[in-house]
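What follows is a set of notes on a single structure, which appears directly below.
The values are calculated or read from the model by the stated rules, or taken from the named source; none is laboratory data. Keep in mind that what you see is a predicted model, and the values were worked out from it rather than measured. Positions of Cβ are generated from backbone atoms using ideal geometry, with glycine treated the same way; all protein chains shown enter the neighbour counts. We work out accessible area using only protein heavy atoms, side chains counted, and drop any ligands, DNA or RNA first. Shrake-Rupley method; radii C 1.70, N 1.55, O 1.52, S 1.80 Å.
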Amino acid sequence: MIDDALAGQLRHMGTMLCVADIARSLDFYRDRLGFRVLESREHIALIERDGIFLYVFLESPPTDDKPHLWMKPPAGAAELSVILCFRVNDCRAVHDALVASGVGFLTAPMSPPWGGWRCFSFDPDGHVIEFEEPASP
């Protein structure tokens, strides 16, 4: 049996997004996607919506506790390493409401071969966001 070093220790899980401008990112995630700001400092903010936690932070050079790691906003969207995937109840309704609030999408929602619906958007720094409605069981 694996020793469970995390038992009783986890408080929440969050994703950290390196951004070029904290205020611009907060405007997008707060004003367009409905996240609320839990903490905000000059170089980092913690936002939350429905138990989903995101940290947005400015470029960070290597530090003693993360040597050799330089955190930077994405250079472009041609090659991705991460997609923020939000599972939703009604992808088409979410798409329509977000388009009405000024959020752009790559395409209208589409149904992939495995079913359900999905559509893709970008945040102001080019982080890809997927809104996915899973196929019915």
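Here are the numbers:
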quantity: Theoretical ellipticity at 222 nm over the chain - DSSP helices of four or more residues, -39500 (n - 2.57) apiece, nearest 500; calculated: -3000 deg cm²/dmol
quantity: The stretch 23-80: chymotrypsin sites (Phe, Trp or Tyr not before Pro) falling in loop per DSSP and having at most 11 other Cβ within 10 Å; calculated: W70
quantity: Accessible area per residue in Å² at 1.4 Å probe, computed on the stretch 1-80; calculated: 75 Å²
quantity: Beta bridges per DSSP with both ends in the chain, % antiparallel, nearest 5; calculated: 65 percent
quantity: When the convex hull of its Cα atoms is projected in every direction, mean area for the chain (nm²); calculated: 11.6 nm²
quantity: Within the accessible area of the stretch 26-96 (1.4 Å probe), percent carbon and sulfur; calculated: 50 percent
quantity: Considering only the stretch 65-133, percent of DSSP beta bridges that pair antiparallel, nearest 5; calculated: 60 percent
quantity: Relative contact order %, the chain, counting alpha carbon pairs below 8 Å whose residues are six or more apart; calculated: 21 percent
quantity: Fully extended contour minus Cα-Cα distance, from L80 to A93, at 0.36 nm per residue; calculated: 2.0 nm
quantity: Relative contact order (%) - the stretch 1-82, alpha-carbon pairs under 8 angstrom, separation at least six; calculated: 28 percent
